1. List the helices (runs of 4 or more DSSP H) that sit entirely inside the stretch A:1-109 and contain at least 3 residues that are over 15 Å from the mean Cα position of the chain (by Cα).
2. State all residues of the stretch B:47-69 that are surrounded by fewer than 24 Cβ atoms within 10 Å (Cβ to Cβ) and out of contact with any strand residue (DSSP E or B) (no Cβ under 8 Å at 6 or more places or on another chain); if no residue qualifies, say none.
3. Can you name every residue in the stretch A:115-124 that is farther than 26 Å from residue B:78 by Cα and buried (at least 23 other Cβ atoms within 10 Å of the Cβ)?
4. Considering each of B:312, B:304, B:325 in turn, give the residue that is surrounded by fewer than 23 Cβ atoms within 10 Å (Cβ to Cβ), at pLDDT 95 or above and over 14 Å from residue B:180 (Cβ atoms).
5. Kindly indicate whether any position in the stretch A:12-19 is touching a helix residue (DSSP H, G or I) at 6+ places or on another chain (Cβ under 8 Å) and either at pLDDT 95 or above or more than 8 Å from chain B (Cβ to nearest Cβ) (or both).
6. If you go through the stretch B:30-46 one residue at a time, how many are surrounded by fewer than 23 Cβ atoms within 10 Å (Cβ to Cβ), at pLDDT below 85 and farther than 18 Å from residue A:51 by Cβ?
7. Tally time: how many residues in the stretch A:256-296 are in a helix (DSSP H, G or I) and modelled with pLDDT of 95 or more?
8. Report, by residue number, each residue of the stretch A:183-225 that is within 23 Å of residue B:131 (Cα to Cα) and in contact with a strand residue (DSSP E or B) (Cβ under 6 Å, 6 or more places away or on another chain).
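The values are calculated or read from the model by the stated rules, or taken from the named source; none is laboratory data. Note that the coordinates shown come from a computational prediction; the quantities given were computed from them, not determined experimentally. Cβ sites come from the backbone with ideal geometry, for glycine too, and all protein chains shown count toward neighbours.
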């Protein structure tokens, strides 16, 4: 191995050093028959029957290593999940790096191994990549940007246009684990029993859809958590979303950290949870299907879509006493900054 | 308009400020029926007949504005070109931003308009995007990462596996204009008659392929210029590439700048040129087809693929006196750092 301990500017210049980085580090892990590195495109044999779905996401999380994952693992999970909640089966991913000069090669290796592990778990392939290096002080160790291509099978149509008043909202598991873990890592609060929920959700969502429940729409509550997701669904549907405080699944350690930092669990990002809008009468069998999958063991109903009311906030929390507390869309400065 | 003059961290947090940035700046320019912003994936109606091609590229060029283009225009051209040289017709792009806190909103707007202009010129659509904001000092104004999906029409097969000894190598225009322009901008040498060649090449390549010439392989000589491209083709084919110094198209102002900075024009990146490997007897009609297109007016032959020779460098320059000078693959530190 001729790779130094730290990444050099020359590793991004396109010459021999770039080739060494690709051949000694990236290719041995990523290798598959379609992989295109350097300048070209990957060409796959055929696109399956169905509609193509395309998504992109940038990952700039600090710290890049955290309990339960790393930036590479997260980057693949995030993209797989964006496709999955759109009803698509993820197929092929691209993985693009912006490295800061001086980055520890070992950190890059860990994130690469994380990405490969997530791709294997999700059954997708990373077919194209790119590596750029920026001068020290012009980046933040490593940024990863992914894109994902998937296929929506014929006859499947999920989305907010299908959400109806009366739909039940399910969560596939406890909310805010990822956000709380990152915040704790950043504040040096190690030792807490916090662990990111980050995971690829395509298998869980396939199990849900196979149950035959009439699912209308799915979302992954990442930036801004369930709070921002519900506001987005309100904006697209014109309905209101009412969450049930007594039902909201939040781990004790996440609730405690939120209390300490003055943050709301409902605004904390998840990276391995989905929110599901579906026909009320199908909720029991959907929950049963979710709970039969390792990533959905704690699936439960958390609220309901309701007809809009001029005198009420579009997103609200119903307290155990039956009162409603508005959940406003925050400006952003008061949302937990995870990325 | 409520957008401030400079980008705030809150613009990346996923809350109200993020929505303002998207709704007031990004959506009005990018708007099309498939566009997916925030968390979801874009779903398109169908994938055309042919093989899917996928590529990704990160754009970290300093400075982000330069004569002949901007980082946004460049980002779309680069991705369109990566698909085009793989024989694919570009269809849909993703466009992902990593913004540094404090970035001038006007610069973002200029780059956005550049991306939209390039997409219009190339006839592609930007269907998915993402925006992250990193703290001041953790980025470099703006980084753009794109991915592109295209289709290789049935029956088309281009690539280095088809390159044969005796193939002529064409360049679609003068080499190194982009690299020289960036280097001059960075060194404050304004006033020079330098202008980036950056342009979407799908139309030019379609004209070439329509000529019926037996084209074997195409590449866009970006990082490391024709030098690195030729080395990559050598590595994949086992052949050697011999360029003809007397034929190499280099503008006088590019040659002068290279002389001044001690750089070789053949190692200078292009962002709107292709190198073409094709059957020797078809070169005249290929050149004619290229020259009939505005982006190929100065197309010409620049060299030839030859059988390997143990006693010679894999890439060489043949001088007007018939001698050969080896063109070694540089480590990277001595390549012009454009990105």
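1. Numbers: elements: A:16-21, A:27-30, A:71-85.
Result: A:16-21, A:27-30.
2. Residues satisfying the conditions are B:62, B:63, B:65, B:66, B:67, B:68.
3. A:118, A:119, A:122
4. After ruling out the rest, the residue left standing is B:304.
5. No; the residues of the stretch A:12-19 include none that is touching a helix residue (DSSP H, G or I) at 6+ places or on another chain (Cβ under 8 Å) and either at pLDDT 95 or above or more than 8 Å from chain B (Cβ to nearest Cβ) (or both).
6. Residues in the stretch B:30-46 being surrounded by fewer than 23 Cβ atoms within 10 Å (Cβ to Cβ), at pLDDT below 85 and farther than 18 Å from residue A:51 by Cβ: 3 in total.
7. First, the residues of the stretch A:256-296 that are in a helix (DSSP H, G or I): A:256-261, A:265-267, A:280-291, A:294-296.
With modelled with pLDDT of 95 or more added as a condition, the list becomes A:280-291, A:294-296.
Residues flagged as in a helix (DSSP H, G or I) and modelled with pLDDT of 95 or more within the stretch A:256-296 amount to 15.
8. A:196, A:198, A:218, A:219, A:221
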